[in-house]
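Peer 1: Before we start, here is the structure in question, set down as structure tokens.
Bear in mind that the values in this text are calculations on the coordinates, not laboratory data. None of the values given here were measured: they were computed from a predicted structure. Heads up, the Cβs are rebuilt from the backbone with ideal geometry, glycines too, and the neighbour counts pull from every protein chain shown.
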Ligand code: BG6
């Protein structure tokens, strides 16, 4: 079914001169314009602190987009040429009232009253901006027009602050108006998890503790902290990646089948799963976690400074750049199945994947053959990025007269069939925001359940135990390997892409 164009709307972007807007929001809007999903009744009203007018903003975006897209820069895309005519700018301080007065006036001039307010700003401004939007009557939905608020991560820094932020926001708007973003939910393969499970009998019917031994969820990155020291040192790998991105993957993998593809039905199941995550006691938390920080070293031929020597990182920093957890979802379906999660910076490979390892066959009846009783288990691998795809590892008979088995992998790569290279991942999120479909956005209860599950680790590390060192270009600290090895299992090797073929 072809997607219908979004309704007319003004997208009000707070923080329009920032990195997120130019790197992700605008390129996605160019793609949506190009595919006809937003039309000439779509407008952008940017708000930023820099002095200037509409032309200043368009010129700055133009200059940035001319460096994107290689040989075919985004700035030359006819869709950008159309879109840029509908961009306006308000220069002002969004902690002050006059900016909101001006927004109100501009929205009053727009042909439709529909507006989506996108908070691409540091998190300390989320609550105050929503308060001001409320005080200026900008979020009341009158005459059938919608008013929505899109909020970037991080949503809170722990359970208490996430709860307080939800309370503050929900004083002004209803849950139906709030779109909490997690950009992982915009990734094609993440959305494909539901299809893989619920459109395939042979997958979903085995999807439980009778057949699954354990699940690994990895988000490994090659990049180091670089210029993000100020943000990162106050955040760390756990807060940055786990209660949001990794838990979204976990919820998609482990939730019960929703009874429809309706946003609330899906969000109910995801929240129920996150609420079922075991919350460890202070004694249990150290046994179920490992954390690390990278030392100095070389990665892909480049020198990487130790995390502690990164600009804006405290000299006595205790922040982790790697984390591994062993979690349980206490439900009938998943009783006894560990979920191992890991994420880190400056690792061997960029590799985000979900690996579902099945139990061994109950009985290997290959007596008097070359087949060892230890057949490798089947694995289903959902490759989220790069090289989005799906693989199934099974055993086959190797050709010949004797009976011998051979593990093989059946692989599907999205890139072999579809052209998804240009997409940023924000297209679906923005389109759904305009349509009013909250499936890909997080609900208050889901966010709080995620923070509740990681709170014991935050409490443990707040006591000041230093993270274990790991080398750049490795798969994390030794303690992460020990965490899984204690259960007689091992992490799947990170997928290192083959070196480029010589010309
Ligand atoms: C962001 C984190 O939310 O996600 C970054 O703040 C991280 O630290 C990024 O690098 C990873 O996203 P992606 O889409 O590049 O895997």
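Peer 1: What is the angle, in °, between the Cα long axis of helix 426-435 and the longest principal axis of the Cα atoms in the chain? Nearest 10 is fine, range 0 to 90.
Peer 2: Here the helix axis deviates by roughly 60 degrees.
Peer 1: Using the basic label-point model (7 angstrom from Cα toward the beta carbon), what is the residue 81 to residue 34 distance in nanometres?
Peer 2: About 1.4 nm, to one decimal.
Peer 1: How far is helix 188-198 tilted off the main Cα axis of the chain, in degrees rounded to 10, range 0 to 90?
Peer 2: The two axes meet at around 60 degrees.
Peer 1: Take the range 250-346, compute every pairwise Cα distance, and split them into 5 Å bins from 0; I just need the percent in each bin.
Peer 2: Going from the shortest bin to the longest, the percentages are 2, 11, 15, 15, 13, 12, 10, 10, 8, 3, 0.
Peer 1: Pairwise over distinct Cα atoms, reciprocal of the mean inverse distance: report the Kirkwood radius of the range 164-277 in Å, one decimal place.
Peer 2: 16.5
Peer 1: Pairs of alpha-carbon atoms within less than 8 angstrom and 6+ residues apart define the contacts here; what relative contact order does the chain have, in percent?
Peer 2: Relative contact order of the chain: 18 percent.
Peer 1: Which FRET efficiency, nearest 0.05, do residue 62 and residue 110 yield, Cβ-Cβ r, R0 30 Å?
Peer 2: So the FRET efficiency works out to roughly 0.80.
Peer 1: To check you understand DSSP bridge types, tell me what percent of the beta bridges within the chain (both residues inside) are antiparallel, rounded to 5.
Peer 2: Antiparallel bridges: around 55 percent, rounded to the nearest 5.
Peer 1: When only alpha-carbon atoms count, how far does the range 9-152 stretch along each of its three principal axes, as whole angstroms with the largest first?
Peer 2: Computed over the range 9-152, the largest-to-smallest principal extents equal 47, 31, 25 Å.
Peer 1: Additional query: May I have the convex hull volume per residue, in Å³, for the Cα set of the range 36-112?
Peer 2: With only Cα atoms used, the range 36-112 gives 105 Å³ per residue.
Peer 1: Sort all Cα-Cα distances of the chain into consecutive 20 angstrom bins from zero, then give the percent of pairs in each bin up to the one containing the longest distance.
Peer 2: Distribution as computed: 21, 53, 23, 2, 0 percent.
Peer 1: Give the order of 34, 402 when sorted by the count of other beta carbons within 10 angstrom, beginning with the fewest.
Peer 2: 402, 34
Peer 1: Still on this structure: Taking 0.36 nm per intervening residue step and subtracting the Cα-Cα distance, what contour gain separates residue 143 from residue 394 on full extension?
Peer 2: Roughly 84.6 nm would be gained on extension.
Peer 1: Sort 184-195, 135-146 for me by packing, meaning the mean count of neighbouring Cβ atoms within 10 Å per residue, highest on top.
Peer 2: So the order, starting with the most tightly packed, is 184-195, 135-146.
Peer 1: Right, another one. Using only the alpha-carbon atoms, how far is helix 263-275 inclined from the longest principal axis of the chain? Give it as 0 to 90 degrees, nearest 10.
Peer 2: Relative to the chain, helix 263-275 is tipped by roughly 50 degrees.
Peer 1: Now a separate question. State, as an integer percentage, the relative contact order of the range 9-152 based on alpha-carbon contacts under 8 Å between residues 6 or more apart.
Peer 2: Taking the mean separation of contacting Cα pairs over the length of the range 9-152, I get 30 percent.
Peer 1: When only Cα pairs under 8 Å and 6 or more residues apart are kept, what is the percent relative contact order across the range 231-281?
Peer 2: RCO, the range 231-281: 29 percent.
Peer 1: I need the Debye-formula profile for the range 324-432: one equal scatterer per C-alpha, no solvent, reported as log10 I(q)/I(0) at q = 0.19, 0.20 1/Å, two decimals.
Peer 2: The calculated log intensity ratios at q = 0.19, 0.20 Å⁻¹ are -1.15, -1.18.
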